[in-house]
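The values are calculated or read from the model by the stated rules, or taken from the named source; none is laboratory data. Worth saying up front: this structure is predicted, and the values here are computed from it rather than measured. Positions of Cβ are generated from backbone atoms using ideal geometry, with glycine treated the same way; all protein chains shown enter the neighbour counts.
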Amino acid sequence: MIQIRDLHKYFGPLHVLKGINLEVKKGEVLSVIGSSGSGKSTLLYCINGLETIQKGDIIVNDIHVHAKQTNLNQVRQKMGMVFQQWNSFPHLTAVENVALAPKIVKGKSKAEARKIALSQLEHVGLLDKVDAYPNALSGGQQQRLAIARALAMEPDYMLFDEATSALDPELVGEVLDTMRLLAEEGMTMICVTHEMSFARDVSDRVAFFHDGVMEEIGSPSQIFGAPQSEHTRKFLAKVR
Amino acid sequence: MEPSLSFFSDFNINDFWFLGQAAVRTLWISLLSISLGTVLGIFFGWALYEGKLAATLTLAPLLDVFRSVPLIIQLVLFYNFAPIMGLNLDPFGSGVVILTIYTSALVANVARGGIEAVGKPLRNAARSLGISYWQDLRYIVFPIGGRAVFPAWVGVALGVMKDSALVSVLGYVELLKASQILITRTQEPFLILIVAGAFYFALSYPISRYAANLEKSWAQ
Amino acid sequence: MFDYNFHWRPVLKTLPDLLDAALLTLEVAILAMLIGIVIGLCLALIRLHMKGSLYWFATSWVELARNTPALFQLFFFGFGLGAFGLHLSPYLIVLTALSFNCAGYLAENFRGGFLAIPETQMRSARSLGMTAWQAYTRIVIPQVFRIVYHPITNQIVWCVLMSSLGMLVGFRELSGETQFFASRTFRIFEYFAATAVIYYVIVKLILVASRILAARLFRY
């Protein structure tokens, strides 16, 4: 379970998260929507410990992520993260991209790491690109590679930071299909997204962020059907 | 004499004058070679870009030789070869000839890169307006390509200025040769080298920083 | 025009000595490169990540190496240090001067390489649970190495060419050996011509080797 209590985050004088309270249960898929600059991506970075926080608590599997004695590298193994820019490692083949972290972070043997990598590449449908270098892959394939790379660490949670925003329109579908597959398999996911159809069809709950505040959270039918906040209504009218 | 200078017992004001004259000779041979070499190099670069078979087969490997043999060897070789051909060149003349060709070999690559940087579509657009080939070179390629490779050219020019010190091997008394002479006489190597080094640095550092800043501001 | 009689026999007779000297040239150049790479990497990292006196030390090193003539640097390690009673052997003079120079130039190449790697690479490596050290050595450095590979190759060539200055401080590498034989036999032109050819071949061999290695190393 991920618990977030009264989370505040500043970039210098800029107050980007203003007291967020949120719980994500095991097996749940949460979509986070809102305009850019609303703090939703920052939230993911804070959960993963890639950004520091100024106040509040983030607790993942009963571990306080931002406590001094916490080993961040261990916590991060529990959380796979997929970025807007796919960030494949350009000097490694697809299978090496996926096998590297199991090998050097988890200390798996070379053969074991490769086996894990191959099964995850199959998982995301890239088995025919095992020995390809990222520059030979399309954006959509690279993003699926990034998902496989995160899954290879056998995370309890997957964090998606606008995973389809940088893709050409015709490539968005294959990545969303992969994410949908993970959701069906019961993966716990937090997806910051601009894909309203994904938020509506796949997630269990949808949270709307505005100006550093979580304005509203609820089931997709509630958020999309009967939004309570004025900001939510305006935002939804714009993206539709 | 000033008491503060008494520490350097044998080094006097005349020696500063001697160094100063040598510095002027360094500047003079550098300026001459860089100017001539740049003009020649731009011509070579253009010839290489146009890629006529003759240029590719003869010019390219020839220029490559000047980039693949130490400058000091080139200088000694030419200085001893000129009389064989019946040319009587003093060290200065030999130095200018070799530094000029050396500069042109480096500039040729830079110039070709500059022409390539302009790109065919832009040049076609220019030609489609009825601009002639030479007008295109003069008004389109030179300003745009020149700007693109100006920082690289500054690097070449500063490199030649520093390498001009090697002409000393022929006996031409430029700054470092003068320093060496003074060191032998006064036995004050540290002071004299600091003065000589400071001169080169004071010349090279501001110019290279200027070029680097230009490159940065143009990249944005 | 050519009433000069070329005598190649002495050159041929001493060719084995010249080739031995060429090996010494290669040795000192490669050694200086290795030292230069290690120090250059450190200088680049200091300039990227540190402030205060270490930053100024690294920056001064880089700027001095790049903005003064290589010959000046050689003289400095040759006679300049003599002022402090430190007298290096010709071999060490050339090695230290070349290493100093290479480190300065390579530092800037490395710095540019690090700046070219997007910050997101580091970030996604860390998100997989890699330590900063793992992310650096497994993800960032291999990519930087690819970027600086060609500049490093150029630097090796430059290093070989620059080692010819050794003849001015009495180091018997290829150029020094050539000068020794040339002044003994008075066949200056012949000797320096042969040496020019040897340098040219060495440079070409380095470039070919570098290209073969690159094809094996970089498959992406």
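So that you can scan it fast, the table gives a plain yes or no per residue for (1) under 24 Å from A:E162 (Cα atoms); (2) buried (at least 19 other Cβ atoms within 10 Å of the Cβ); (3) among the aliphatic types (A, V, I, L, M):
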| site | (1), (2), (3) |
| --- | --- |
| A:W86 | yes, yes, no |
| A:H91 | no, yes, no |
| A:E96 | no, no, no |
| A:P102 | no, yes, no |
| A:A111 | no, no, yes |
| A:Q120 | yes, yes, no |
| A:G125 | yes, no, no |
| A:D131 | no, no, no |
| A:N135 | yes, no, no |
Whichever residue in the range A:121-146 is within 17 Å of A:E174 (Cα to Cα) and assigned to a loop (DSSP other than H, G, I, E, B) and, among such residues, is farthest from the other protein chains (Cβ to nearest Cβ): A:G125
Qualifying residue in the range A:20-33 (condition: in a loop (DSSP other than H, G, I, E, B), facing chain C (nearest Cβ under 9 Å) and surrounded by 18 or more Cβ atoms within 10 Å (Cβ to Cβ)): no
Some residue of the range A:23-37 being of a type in the set (K, R) and modelled with pLDDT under 90: no
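Could you say whether any residue in the range C:143-150 is touching a Lys or Arg at 6+ places or on another chain (Cβ under 9 Å), assigned to a helix (DSSP H, G or I) and modelled with pLDDT under 95?
Looking for residues that are touching a Lys or Arg at 6+ places or on another chain (Cβ under 9 Å), assigned to a helix (DSSP H, G or I) and modelled with pLDDT under 95, one finds none in the range C:143-150, hence no.
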Residues of the range C:139-158 satisfying the condition of being more than 11 Å from every other protein chain (Cβ to nearest Cβ) and either among the small types (G, A, S) or over 30 Å from A:I104 (Cα atoms) (or both): C:P151, C:T153, C:Q155, C:I156
In the range A:123-148, the residues that are hydrophobic (A, V, I, L, M, F, W, C) and out of contact with any His (no Cβ under 7 Å at 6 or more places or on another chain): A:V124, A:L126, A:L127, A:V130, A:A132, A:A136, A:L137, A:L145, A:A146, A:I147
Verdict on C:T185 being surrounded by 15 or more Cβ atoms within 10 Å (Cβ to Cβ), within 30 Å of C:M122 (Cα to Cα) and either touching a strand residue (DSSP E or B) at 6+ places or on another chain (Cβ under 9 Å) or more than 12 Å from every other protein chain (Cβ to nearest Cβ) (or both): no
Number of the condition not met by C:M167 [criteria: (1) more than 8 Å from chain B (Cβ to nearest Cβ); (2) of a type in the set (A, V, I, L, M, F, W, C); (3) in contact (Cβ under 8 Å) with a residue 12 or more places away in the chain; (4) in a helix (DSSP H, G or I)]: (1)
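Please work out which residue is nearest to the other protein chains (Cβ to nearest Cβ), limiting yourself to the range A:47-97 and to residues that are part of a strand (DSSP E or B) and under 13 Å from the mean Cα position of the chain (by Cα).
A:M81
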Those residues of the range B:192-220 which are modelled with pLDDT under 90, surrounded by fewer than 17 Cβ atoms within 10 Å (Cβ to Cβ) and not acidic (D, E), in sequence order: B:A212, B:N213, B:L214, B:K216, B:S217, B:W218, B:A219, B:Q220
One residue from C:L64, C:L43, C:L26 being away from chain B (no Cβ under 14 Å) and either of a type in the set (G, A, S) or in contact with a helix residue (DSSP H, G or I) (Cβ under 9 Å, 6 or more places away or on another chain) (or both): C:L43
Subset tally (residues that are surrounded by 19 or more Cβ atoms within 10 Å (Cβ to Cβ) and on the phi > 0 side of the Ramachandran plot) for the range A:190-226: 1
Subset tally (residues that are over 11 Å from C:P151 (Cα atoms), surrounded by 21 or more Cβ atoms within 10 Å (Cβ to Cβ), within 14 Å of chain A (Cβ to nearest Cβ) and not charged (D, E, K, R)) for the range C:102-133: 6
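Would you mind listing the helices (runs of 4 or more DSSP H) fully within the range B:108-220 where at least 3 residues are of a type in the set (F, W, Y)?
B:142-163, B:189-219
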Residue in the range A:155-173 that is farthest from A:Q3 (Cα to Cα), counting only those that are of a type in the set (D, E, K, R) and free of Cβ contacts under 8 Å to residues at least 40 places away in the same chain: A:E170
Flag if C:F76 is within 14 Å of another protein chain (Cβ to nearest Cβ), within 22 Å of C:N154 (Cα to Cα) and assigned to a helix (DSSP H, G or I): no
Checking B:I101 against (1) within 14 Å of chain C (Cβ to nearest Cβ); (2) modelled with pLDDT under 95, the condition it does not meet: (2)
Enumeration of residues in the range B:40-70 that are away from chain C (no Cβ under 14 Å) and β-branched (V, I, T): B:I42, B:T56, B:T58
Residue match in the range C:208-217 (condition: facing another protein chain (nearest Cβ under 9 Å) and either in a helix (DSSP H, G or I) or surrounded by fewer than 21 Cβ atoms within 10 Å (Cβ to Cβ) (or both)): no
The range A:213-240, residues that are more than 17 Å from A:S203 (Cα to Cα), in a helix (DSSP H, G or I) and small (G, A, S): A:A237
Matching residues in the range C:39-61 - criterion: being closer than 26 Å to C:P90 by Cβ and either of a type outside the set (A, V, I, L, M, F, W, C) or free of Cβ contacts under 8 Å to residues at least 60 places away in the same chain (or both): C:G40, C:W61
Sole exception among (1) within 13 Å of A:G212 (Cβ to Cβ); (2) outside any strand (DSSP E or B); (3) among the hydrophobic types (A, V, I, L, M, F, W, C); (4) in contact with a strand residue (DSSP E or B) (Cβ under 6 Å, 6 or more places away or on another chain) for A:L44, by number: (1)
